[in-house]
Each structure stands twice: as C-alpha cells, then as structure tokens.
C-alpha cells in the first residue's frame, strides 16, 4: 500500500464550518492569551472577542467547541470573521469515492468498541429497567469506536467526503489543543441566533435507510413512514422538544413550536426533527449565553437532565469529552451558529475515535439500539473510506 503524505498538524489548520446557511474557514489569531480555561462560556467568549479586537480583527469572532459535561472548560479561539465568511450556501463539489485498495482490510490494524457490542446491549437493558422504574423518562447512552489505522487520515479529505455525502449537514473541522482534530457532519442544529431571532432544530428518533435508497425507494419510504408513526419515537421526541421549549420560554417574546415533528434525512438515516423559532425579548442574551442554556439537550443526555447525567456518569465506561457537546462560532454582536457534536470523530495521527449514541425509553430494545449506533457510526466510517458493502471483519465484529 502506498504511504500517504502526512497531513499538516492541527496547529496549522484553520477552523472550517460548512452549513446550509453558508461556509467559511478561519485561522485562529496568534498570541492567544494563555491560561484561558474558564468553564464560563459567555465570559471566555467576551475575553477572546476583546483579544480579537485588540489584534486588529475587522470582525472579531470566536470559534470552538463545548464539551458534553456541564462545567468542563470549552475550547474557544479568537478569529477574524470579516474576510472568510460566506453568507450564502456554497455548492458542494462531488468528491470521488476512495479506491477499493484504500478502504479494505489493509488500512485497519484494529477496531475496538467501548463498550463492546454485548456490553452496550447489557447497559441498554439496565437503563431500560431504570426507565421502567420511573427514575428517568429518557436517557441517551453512548459508545465509542476506536480505529487504529496503518496511515493517518487527512482531515481535509475526510471533511470533503463528509460534505459531499451530507450537503445539508453542519460539517466542521476544529483543531484541538492536543494535536487532534474534531471533525464531523452533524445533522442537528443546536441553535442559530441572528439579532433577536433564534432558530433550533432538535432531533430525536432514528431509523436506518437502505444501503441504496434510490435502488429501493419503497423500502426507504416504508422506513420513514414507520418512524413518523412510531409511538415510541414520537414520545421520546416530544420529551425533548418540551424540555427545550421550557428552557427558552422565559427569554422569549414569541416561541413557535410545531405540534408534530417532521422527517429529516441524511444519506444513511431518517430522523424526527422539530424546527423551533423564537424571538427574544431583548437584544441580549447572545448566542454564547444561549448555548449553555440549551446544552445538553435531551437529544444527547435525557430527561430529567440531572438524573440522566448522573446515570450516564455511572454507566458509560468513558468520558465523552467533546462528543455530544456543541461546535460552532459567534461574533461580537452575539450572533452565531452552533451544531450538536454528533456524527463525528477525533482524529489523532493513525488513531480515529468515533462516537454514537441512542436515545432510550422504557420500551427500548437492546439489540435495536446497538444497531442504531452502528448505523450512526457509518457517517464517519464512510468518510474514512470504509464502504458499508466491504467492511473488514474486525470492524464488523466491533459494531
């Protein structure tokens, strides 16, 4: 196998953001003040916006990510948003699929699921018992997939494939401080603020699509119909929407929440989604004030939030870190756009760590929930070059 040229280090990479509303890349400004590890997102954002202004930025801004765990420090960097911002959708040029030789077994040394498939099903079964006892209404249980590869993936190529396969997603590439890159194509808008207008599109409820939806449109439509009319998924979705609306309502002059969800699709999955539109009472709060108000949503955590967080802290055998958090940008006017950090991975040299979660309610099926996470891993697996039709045995066993 021909060795791949080593990609640039994360420290030399810009932040890349590609959304339905527009795309941009931004290089973090140099000489970021040291010691900024505050867990207070709005305060940290204000400090970095002042730094960007002092550094001469024509349009001071910040980019970065918020971890899943409340109270953990976000990763923000100051940028100049003046030149690179594009305020219209950017056409995505198709990216050729990888040659077969680069997406078969020789690229993969080892694949490890944390927990393994049987362990995840056991955790789901235990969570279902807790849900049936009435302690929780919903909890979102996650798993990791660690891939050890022979060659380091190029984040630019991975991002290009994600954009080509998921042009309606929020695709991002964020350099992290530990020589890693957080990369993904999230289908879920956490929130977007433009003046007093705030838009959200939370998702909960999932069905995998056929391997080739165009080849079997009847099966694809049947799966979408089953999801839209699933009492279990509709109930799970309603819990999430109500929790988000309750958090927003005190700040809003108007709050529009549709009574029923709509179907949203990616290349591989169907989701239930509810577009929410709010108009704030005042010019504040800004987007960095709203992110910690809304995050973590029941789509990545559960209901009630505190009890779900406690369950995950005890049950998940790993720290989610950035997974299940939020990623995006903000400017000095308080505007910005943030997505939920799902369908994502951390790339660090020849190691790729992927995350997927499943929303559990009292009648969840352990095997079905495990299969749902396997389908969600597929978004990044395909971008890394692992086609569904020819996954290596070691990877199939891990899923």
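Looking at residue 179 and the list (1) surrounded by fewer than 23 Cβ atoms within 10 Å (Cβ to Cβ); (2) in contact with a helix residue (DSSP H, G or I) (Cβ under 9 Å, 6 or more places away or on another chain); (3) assigned to a strand (DSSP E or B), which single condition is not satisfied?
Evaluating residue 179 over (1) surrounded by fewer than 23 Cβ atoms within 10 Å (Cβ to Cβ); (2) in contact with a helix residue (DSSP H, G or I) (Cβ under 9 Å, 6 or more places away or on another chain); (3) assigned to a strand (DSSP E or B) leaves (3) as the failure.
Here is a yes/no grid of residues against (1) modelled with pLDDT of 90 or more; (2) in a loop (DSSP other than H, G, I, E, B):
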| position | (1), (2) |
| --- | --- |
| 38 | no, yes |
| 47 | yes, no |
| 57 | yes, yes |
| 72 | yes, yes |
| 77 | yes, no |
| 86 | no, yes |
| 91 | no, yes |
| 95 | no, yes |
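Please work out which residue is surrounded by the most Cβ atoms within 10 Å (Cβ to Cβ), limiting yourself to the range 273-289 and to residues that are in contact with a helix residue (DSSP H, G or I) (Cβ under 9 Å, 6 or more places away or on another chain) and closer than 27 Å to residue 361 by Cα.
Filtering the range 273-289 for residues that are in contact with a helix residue (DSSP H, G or I) (Cβ under 9 Å, 6 or more places away or on another chain) and closer than 27 Å to residue 361 by Cα, the one surrounded by the most Cβ atoms within 10 Å (Cβ to Cβ) comes out as 273.
Could you please find all residues in the range 203-230 being under 12 Å from residue 261 (Cα atoms) and without any contact (Cβ under 8 Å) to a residue 24 or more places away in the chain?
To start, the set of residues in the range 203-230 that are under 12 Å from residue 261 (Cα atoms) comprises 203-205, 227-230.
Scanning the range 203-230 gives a single hit, 229.
Considering only the range 255-358, give the strands (runs of 3 or more DSSP E) lying wholly within it that have at least 1 residues that are over 30 Å from residue 164 (Cβ atoms) and touching a strand residue (DSSP E or B) at 6+ places or on another chain (Cβ under 7 Å).
On the way: elements: 262-265, 269-273, 276-280, 326-331, 336-340, 344-348.
In the range 255-358, 276-280 are the strands (runs of 3 or more DSSP E) which contain 1 or more residues that are over 30 Å from residue 164 (Cβ atoms) and touching a strand residue (DSSP E or B) at 6+ places or on another chain (Cβ under 7 Å).
Can you tell which of 378, 359, 336 is closer than 28 Å to residue 199 by Cβ, crowded, with 23+ Cβ neighbours inside 10 Å and modelled with pLDDT of 95 or more?
Details: 378 fails: modelled with pLDDT of 95 or more; 359 fails: modelled with pLDDT of 95 or more.
One residue alone meets the criteria, 336.
Answer yes or no: is there a residue in the range 188-206 that is crowded, with 22+ Cβ neighbours inside 10 Å, in contact with a strand residue (DSSP E or B) (Cβ under 7 Å, 6 or more places away or on another chain) and under 20 Å from residue 385 (Cβ atoms).
The answer is no, given that none of the residues of the range 188-206 is crowded, with 22+ Cβ neighbours inside 10 Å, in contact with a strand residue (DSSP E or B) (Cβ under 7 Å, 6 or more places away or on another chain) and under 20 Å from residue 385 (Cβ atoms).
Being in contact with a helix residue (DSSP H, G or I) (Cβ under 6 Å, 6 or more places away or on another chain) and either under 19 Å from residue 375 (Cβ atoms) or surrounded by 18 or more Cβ atoms within 10 Å (Cβ to Cβ) (or both) is the filter here; which residues of the range 118-140 pass it?
Those that are in contact with a helix residue (DSSP H, G or I) (Cβ under 6 Å, 6 or more places away or on another chain) and either under 19 Å from residue 375 (Cβ atoms) or surrounded by 18 or more Cβ atoms within 10 Å (Cβ to Cβ) (or both): 120, 121, 123, 124, 136, 137, 138, 139.
The values are calculated or read from the model by the stated rules, or taken from the named source; none is laboratory data. Owing to the predicted nature of the structure, the values given are computational and were not obtained by experimental measurement. Using ideal geometry, Cβ is built from the backbone for each residue, glycine included, and neighbour counts are taken over all protein chains shown.
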